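A.B. asks: So that we are looking at the same thing, I have put the structure below in structure tokens.
The values are calculated or read from the model by the stated rules, or taken from the named source; none is laboratory data. Only a predicted model underlies this, so the values are computations on that prediction, with no experimental measurement involved. Reconstructed Cβ throughout: ideal geometry from the backbone, glycine too, with neighbour counts over all protein chains shown. All accessible areas refer to the heavy atoms of the entire protein, side chains included, with ligands and DNA or RNA removed. Shrake-Rupley method; radii C 1.70, N 1.55, O 1.52, S 1.80 Å.
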Amino acid sequence: MGCCQSTTTAAGSTGARTDPTTQREAENYEPLPVSTIDFGHTTRWASEEAMTQTQLERKREQFWDTAPAFEGRLEVWQALRLACDSNDGQLAHAILASAGATVPSLRI
């Protein structure tokens, strides 16, 4: 028994199937140092209109609830949310890496 991506070999063992391109990318993958990704914890954002902390939190909830409906995979959005809410850069980096998310701009 295996996952949907596994096959049975002639010897009867189960092995995961991989696309040659994906396999090459995985072999050449080097995670970025945690310090290179800006998770926005030091970024100051200002609204054009004044809002309370409660209103800001409501807007954040609304963003995270609706973002997956527009584009992308739900599990990647969940990983992005966890990474953004984390105060630990190493944990945030590990969350993104485990979800297979990339950050080409190095800024979240």
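A.B. asks: Inside the range 74-99, can you point out the residues that are within 14 Å of Ile37 (Cα to Cα) and of a type outside the set (A, V, I, L, M, F, W, C)?
C.D. replies: Selection gives Ser86, Asn87, Asp88, Gly89, Gln90, His93.
A.B. asks: Taking only the range 73-99 into account, find how many residues are under 22 Å from Glu61 (Cβ atoms) and either of a type outside the set (D, E, K, R) or touching a residue at least 12 places away in the same chain (Cβ under 8 Å) (or both).
C.D. replies: 18
A.B. asks: Of the conditions (1) part of a loop (DSSP other than H, G, I, E, B); (2) at pLDDT 65 or above; (3) aliphatic (A, V, I, L, M), Ala10 clears all except one; give me its number.
C.D. replies: Ala10 satisfies every listed condition except (2).
A.B. asks: Right, here's the next one. Hey, which of the helices (runs of 4 or more DSSP H) in the range 21-108, taking only ones fully inside, have at least 1 residues that are modelled with pLDDT under 85, open to solvent by less than 50 Å² (accessible area, probe 1.4 Å) and not polar (S, T, N, Q)? Break it down stepwise before answering.
C.D. replies: On the way: elements: 53-70, 74-85, 89-99.
The helices (runs of 4 or more DSSP H) meeting that bar are 53-70, 89-99.
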